[in-house]
1. What residue, among those in segment 270-301 that are more than 18 Å from the chain's Cα centre (by Cα) and more than 30 Å from residue 156 (Cβ to Cβ), is surrounded by the most Cβ atoms within 10 Å (Cβ to Cβ)?
2. Can you pull out every residue in segment 566-578 that is touching a residue at least 24 places away in the same chain (Cβ under 8 Å) and under 27 Å from the mean Cα position of the chain (by Cα)?
3. Is at least one residue of segment 229-237 surrounded by 17 or more Cβ atoms within 10 Å (Cβ to Cβ) and either within 23 Å of residue 464 (Cβ to Cβ) or at pLDDT below 95 (or both)?
4. Being touching a helix residue (DSSP H, G or I) at 6+ places or on another chain (Cβ under 9 Å) and surrounded by 15 or more Cβ atoms within 10 Å (Cβ to Cβ) is the filter here, so list the residues in segment 562-593 that pass it.
5. Given the conditions (1) in a strand (DSSP E or B); (2) surrounded by fewer than 17 Cβ atoms within 10 Å (Cβ to Cβ), which single one is not true for residue 474?
6. Are there any pairs, at least 6 apart or on different chains, whose C-beta atoms fall under 8 Å, with the first in segment 59-82 and in contact (Cβ under 8 Å) with a residue 60 or more places away in the chain and the second loosely packed, with under 10 Cβ neighbours inside 10 Å, and if so, which?
7. Looking at segment 279-289, is at least one residue in a loop (DSSP other than H, G, I, E, B) and within 19 Å of residue 400 (Cα to Cα)?
8. Mind checking which residues of segment 479-510 are part of a strand (DSSP E or B) and surrounded by 22 or more Cβ atoms within 10 Å (Cβ to Cβ)?
């Protein structure tokens, strides 16, 4: 190559020389510029060739490098493709394993569910068998001809200390707290087992209808001759005795002596679920409304959330008859209520003679030699009517209740010129409305209870046992307006300990009149009530006729279970009460009574 280029350059130089020599002689020409020599041109060409060769070598090196990179990339691509293929195979394998695992898990879950069901069934059967064995060994109830008979109750030893003497057992007389006199200066100690209780529960079924019979007694009743000298003998007292039918439709019919609908319930409106204060005090708490009386009740249950009930109940009228006209019949203190003509229809003390007014033989039922009752009852015209709605939305128990009452008496009127008397019957109506709530502030730990009743003629339904009615100068019955309120807290910090606090009050409005002679008549009359002797030990003249305006109480206590097991529960309790009694102003002022009461009890409850 080099030789070929050199030849070309030499040939070019010779051609140039020949051209110069062919010009005409004598022509004078300018001197041509010096041209590079052949050697120089060859050297330049060689340099260019070297540079081109270097560039070619560099390009070749780059090409080689690119080829190497391409080969590496191709190798990596092949590796990636292989890895991708391996990964896809792994994914397919994992997917298959996951599907297999899911099937195994489903099969395992099914097996576990079946095992749980079988275990629950076995556990239930075992528990049922154990219960049956336990019931056979130590039955709580006895089954006879399809009826389960369950005995119950408790044995108690109560001890009561009162600052002021009330001559009362375990049930205090809130309305008779002493003002002064001897009883206010004498304390009182009582030890009693009279609140001991016996119960009998009978349960059976007629098809899908549940039938229940219940009987309950204690010993707070007493015959007229009972005393505490030697044997502390007291007659049984009927607390409850009723029959009940529960139908599948949610309808319940109850008949017999039971806690009244006016009593607050803890759960629904079911029998034996009533809220009863946890007190040792057998009169419970001032402001607590209750009654136990013969009733016919119909209850409807709507999905265990709403209950509606109506009740027809035995009635009784308590009255204050200050300045009332005479003769007046129909009340427990009337002559027709204090005698029974020897028929012995009610408990009596025996034959006690009485005097028949010569002017009124036709109206008097007081016969010589008749048996006089220790306590009369009013001659009622109609039953008390009660209704209640209970609602449980999911938290708490709420109630609204209503009471309707009818009162009647018969008063004598003078008719001139006849020498005798004739009578006229007068009728009045009363009633009230109440509300209650039991709130689980801390479920199974703290409960808050509140209840109230407002109305006219509601006195006997409160723990203060106040008067229902009084009369006007013409003998017309007037229901006394009253308000009752009670609230409480119940604590259950441990399974063995219960702590309670209650407070309540009852207020009775003045219902006073003035007759044609200017004398006071009715309830709370400031000119008819003589309170001048209320604070004296020995009454020399005058009386203590104070009539209550209000009663207030605050109390607290506890029950501690020393033992609870198959043999029953043995527990100890203690309680403190503060009672305040205020009266309406009368002649001599308005006396006030205060009593502080301490109670303790040892109680064995049947299992």
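The values are calculated or read from the model by the stated rules, or taken from the named source; none is laboratory data. None of these values were measured; they are calculated from a predicted model. Backbone-built Cβ (ideal geometry, glycine too); neighbour counts: all protein chains shown.
1. Filtering segment 270-301 for residues that are more than 18 Å from the chain's Cα centre (by Cα) and more than 30 Å from residue 156 (Cβ to Cβ), the one surrounded by the most Cβ atoms within 10 Å (Cβ to Cβ) comes out as 299.
2. 568, 569, 570, 571, 572, 573, 574, 575, 577, 578
3. yes
4. Matches in segment 562-593: 579, 581, 593.
5. (1)
6. From segment 59-82, no pairs qualify.
7. yes
8. Correct list: 479, 482, 484, 486, 488, 500, 502, 504, 506, 508.
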